[in-house]
Amino acid sequence: MHKAKWWRKDKGEKILCELCPRNCLIDIDNTGYCKVRKNINGTLYSLVYGYPCAINIDPIEKKPLFHFLPGSQVFSIGTIGCNLGCDFCQNHDISKECKFPKSLEYISPQDLVEMAIQHESKSIAFTYNEPTIYSEYILDVCKQAKKVGLKTIMVTNGYINKDVIKELYVNIDAANIDLKGFSQDFYENYCSGNLNNVLENIIEIKKQNTFIELTNLIIPGLNDSEETINNLVDWIISYLGKDIPLHLSAFYPAYKMLDKTRTPKKTLNKARKIAINKGLNFVFEGNVMTNEYDNTYCPNCNKLLIERQIYTVVYNCLKTPVCSCGQTINIIL
C-alpha cells in the first residue's frame, strides 16, 4: 500500500477523495468507486501503487496513437480498477472484477523504467484499465522516465479532476482520450459518468501541452446516429482544431452488452465520411479490417505519408512534420 494524494478528511473518519469527479466519500475500511483507493484508519491509500497486473510491449499504434512516435514500441502497463462503469467495457476482466492476483510482485518506479529501457521502448504507456486511479504511481514513474528521456503516455477516459490534471499532465507527453459518446444520456445510462466533465477535461489536458488523439467507440443504436457524429465532430473542430487525430472504433459484444451486434464497417465508413466532410484532417477506423482508412495522408495534397497494416507501419516518408508540399502535419516523430 502507498499513501494516496488528492484527498481530505471529512466528517468523522470519512475521507473525501478528490481524484476524479465522483468525489467519493469513503468510510473507514472501505474503498471508493474504483475499488483501489481505501480509507485505512483515516488515511487514504492506493492499493495498486507499484502493482501492475498487465505488462506488455505493444506497437504504439495499438494504443491507438497514430501521430505520436509512429512505428515505435511502447512499454505498456495497467492495474485493476476503473472510475467509470461502462456496460460495454472491453477490458472488464481487469477494470471491473477487481481481483488482486496473489502472484503480483511490487515494481518500483525505477525498476519499471529500467524494464522499459531493457526492452528498447521509446515510451511508457499507462493503459488497459483507467490509469487515473493510480496517478500517484504514474507521477513517480514519470519522474524517473524523464531522467532517461522516455516519453510518457496516458490511455484514458478523461474522468479526472482539473487540479489533478494540472499536476499530472505536465508530466505526460501524449494521451489517447476515449470520448465514449456525445450525449449526457449516453454517459449516464451506459458509463455512469458525466459528459461535460470529460469535455472540459480534454480542453484542460490540451492546455498542458500534452499531444492528444481521441477515440470514439461506435455502438450500433446507441451512439452512432448522424446527429451524434455531427455534434462530436463539431465540438472537436471548435475546441481542439481540425488536426486532432480521431479514431472511430468498432464495438464488439463484451461485458454487459453481449446482446449487441458488432459495428458494421459501413457504419464506421459513414461516420468517417461525416468527419472528413466537416473538415477533420485525420480520421481513422479501428477494430475492423481496413486499408487506406488506417493511413495518414497530407490534408493539402493528399500524398500518402504513412501506410499502416494491422498496427504496423510499413511505410513512412516523413523525416520532419512537414509534407513535401509544405503542409505542416500534426505529428510527433
Net dipole in debye of the chain [+1 Lys, Arg Cβ; -1 Asp, Glu Cβ; about Cα centre; nearest 20]:
260 debye
Return the percentage of antiparallel bridges among DSSP beta bridges fully within the chain, rounded to the nearest 5 %.
50 percent
Of 5/260; 162/319; 63/147; 207/265; 9/62, those spanning more than 31 Å from alpha-carbon to alpha-carbon:
5/260; 162/319; 207/265; 9/62
Whole-Å semi-axes of the range 1-82's equivalent ellipsoid, largest first, each the root of 5 times a Cα gyration tensor eigenvalue?
34, 13, 9
Enumerate by residue number the GluC sites (Glu not before Pro) in the range 36-116 meeting two conditions: DSSP loop (anything except H, G, I, E, B), and at most 15 other Cβ atoms within 10 Å of the site's Cβ.
97, 105
List the lysines whose Cα lies under 23 Å from the Cα of residue 11, skipping any in the same chain that are fewer than 8 positions away.
3, 35, 38
For 2, 119, 67, 247, what's the fewest-to-most ordering of other Cβ within 10 Å of each Cβ?
119, 2, 247, 67
Cα pair distances exceeding 32 angstrom across the range 54-316, given as percent:
19 percent
Which of 243, 173 has the fewest Cβ neighbours within 10 Å, and the rest in rising order
243, 173
What does the net charge come to around residue 295 if you take all other residues with beta carbon closer than 12 Å to its beta carbon, with K and R at +1 and D and E at -1?
-3
Need one number: nm distance between label points at residue 29 and residue 322, each 7 Å from Cα along Cα→Cβ, rounded to one decimal.
6.6 nm
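All of the numbers you see were taken from the coordinates with simple rules; none came from a lab. This one's a predicted model, so the numbers in the text were calculated from it and none came from an experiment. In this analysis, Cβ positions are derived from the backbone assuming ideal geometry, glycine residues included, and neighbour counts consider all displayed protein chains.
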